[in-house]
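Quick notes on the structure that follows.
The values are calculated or read from the model by the stated rules, or taken from the named source; none is laboratory data. Because the structure is predicted, anything quoted here is derived from the model rather than measured. Cβ sites come from the backbone with ideal geometry, for glycine too, and all protein chains shown count toward neighbours.
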């Protein structure tokens, strides 16, 4: 009976939206963030490389936009992590 109540309480907590992110990042979250940075950096490099190789102006322009998008995502993640790091040091 007590186990069932605990399971219900945990289920209720999982359905709630966090008003702000936690002050600490778990090791699993850190691995995911590292992966996100790697994916975006890799996509940026590949799009840039293919844009440099491309001779069709429309395709080259689209690849440059893809490159810029992934670079912006990479920078946003880094900026967010740096802001969190500075706040935790205070």
Considering segment 42-76, residues that are within 14 Å of the chain's Cα centre (by Cα) and surrounded by fewer than 15 Cβ atoms within 10 Å (Cβ to Cβ), and then whichever is farthest from residue 21 (Cα to Cα), we arrive at 42
Within segment 77-90, tally of residues that are surrounded by 14 or more Cβ atoms within 10 Å (Cβ to Cβ) and in contact (Cβ under 8 Å) with a residue 60 or more places away in the chain: 1
Single condition residue 28 does not satisfy, out of (1) surrounded by 10 or more Cβ atoms within 10 Å (Cβ to Cβ); (2) part of a helix (DSSP H, G or I); (3) modelled with pLDDT of 70 or more: (1)
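Condition check ((1) modelled with pLDDT of 95 or more; (2) within 19 Å of residue 25 (Cβ to Cβ)) across all residues:
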| site | (1), (2) |
| --- | --- |
| 39 | yes, yes |
| 45 | yes, no |
| 48 | yes, no |
| 51 | yes, no |
| 68 | yes, no |
| 72 | yes, no |
| 79 | no, yes |
| 84 | no, yes |
